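The block underneath contains the structure these notes are about, expressed in structure tokens.
The values are calculated or read from the model by the stated rules, or taken from the named source; none is laboratory data. Note that the coordinates shown come from a computational prediction; the quantities given were computed from them, not determined experimentally. Positions of Cβ are generated from backbone atoms using ideal geometry, with glycine treated the same way; all protein chains shown enter the neighbour counts. Keep in mind that these areas ignore ligands, DNA and RNA; they rest on the heavy atoms of the full protein, side chains included. Shrake-Rupley method; radii C 1.70, N 1.55, O 1.52, S 1.80 Å.
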Amino acid sequence: MITPFAGGCSCGAIRYECAARPRFSWNCHCRDCQRASGAAYCPVMYVPKTALTITGPAARYASLHAESGRLVSRGLCGDCGSNLFILADLVPDLQGLWAGSLDDPDIFRPQINVWTRSAPVWSTPDPTLKSLDTAPDETQFGALLRDALGH
Ligand SMILES: [Zn+2]
Ligand SMILES: [Zn+2]
């Protein structure tokens, strides 16, 4: 992936630029991601907060305890409602970027499907990727981080 890369919301009020490659990227099929997106899953990449420059009005954050039991905050544009960011207490130094918000969505490279036990019958998780029923355990998560650095 070429850095920096950029993205933003539908109305253009909030823009972001990221100077580093993602630490990991996945398609999350948990029910929270489905409700937030209105779709089958959330394609999201997590980047170092320190590499992210965000311009425009502050995103509006809504927090809830995810299916994993962990606190997750979703940031969206207060004007147009586009989903942009995810903050997860699992990875406090990273910030999630929704792949659909990228200026070039083709640069998104999901590594894995997670929470596929919640995937709806009308959507098949990408069969070319490894799938996990729920969240990765510590070992699987470590492998994901190493794998992403190798890309
Ligand atoms: Zn907007
Ligand atoms: Zn999720």
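Which residues, counting only those in the range 1-36, are open to solvent by 40 Å² or more (accessible area, probe 1.4 Å) and either within 13 Å of ligand 2 (Cβ to nearest atom) or among the β-branched types (Val, Ile, Thr) (or both)? The answer is Ile2, Thr3, Arg31, Arg35. Given the criteria among the hydroxyl-bearing types (Ser, Thr, Tyr), at pLDDT 95 or above and open to solvent by less than 30 Å² (accessible area, probe 1.4 Å), does Ser131 qualify? The answer is no for Ser131.
Please state which one of Leu84, Leu64, Leu90 is at pLDDT below 95 and part of a strand (DSSP E or B).
On the way: Leu84 fails: at pLDDT below 95; Leu90 fails: part of a strand (DSSP E or B).
Among Leu84, Leu64, Leu90, only Leu64 is at pLDDT below 95 and part of a strand (DSSP E or B).
The residue list Cys28, Cys33, Cys42, Cys11 contains one member that is in contact (Cβ under 8 Å) with a residue 12 or more places away in the chain, over 28 Å from Thr116 (Cβ atoms) and out of contact with any Leu (no Cβ under 7 Å at 6 or more places or on another chain), which is Cys11. Residues in the range 135-151 that are of a type outside the set (A, V, I, L, M, F, W, C) and either open to solvent by 50 Å² or more (accessible area, probe 1.4 Å) or under 16 Å from the mean Cα position of the chain (by Cα) (or both): Pro136, Asp137, Glu138, Thr139, Gln140, Arg146, Asp147, Gly150, His151.
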